[in-house]
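Student: Mind having a look at this structure? Questions to follow.
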Amino acid sequence: MKQDILTQIMAFAYSAAHYLGTWIVALVQKILPMAKELSTLADPIGYLAILSIFVIITTLAKKVAFVIVLVGWVLIIIRIVLMTLGI
């Protein structure tokens, strides 16, 4: 039976979150060996890490878009001034 696209996307998101969470838990356990039973937190940590990465990327994209729009307006204003002066 074929899986629909939403099921495949959700399975991919779960796999990515699980592996990322497992990696972060292993890293934390190397740094803090006294932390036990963190493996139960692998999935929530993975989902939070993916959401954090998404927020960082969208924030950076907003800043880049703002700079591009600002440069565009500056160039338009310069062009209007040059046309007004007949240059």
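Student: It is to be established whether one or more residues within segment 67-75 are modelled with pLDDT under 95, of a type in the set (A, V, I, L, M, F, W, C) and assigned to a helix (DSSP H, G or I).
Tutor: Kept after step one, since they are modelled with pLDDT under 95, are these residues of segment 67-75: none.
Looking for residues that are modelled with pLDDT under 95, of a type in the set (A, V, I, L, M, F, W, C) and assigned to a helix (DSSP H, G or I), one finds none in segment 67-75, hence no.
Student: So MET83 ticks every box in (1) surrounded by 10 or more Cβ atoms within 10 Å (Cβ to Cβ); (2) free of Cβ contacts under 8 Å to residues at least 24 places away in the same chain but one. Which box is left unticked?
Tutor: Here MET83 clears every test but (1).
The values are calculated or read from the model by the stated rules, or taken from the named source; none is laboratory data. Computed from a prediction, not measured in an experiment: that's the story for all the values here. Cβ: placed from backbone, ideal geometry, glycine included. Neighbour counts: every protein chain shown.
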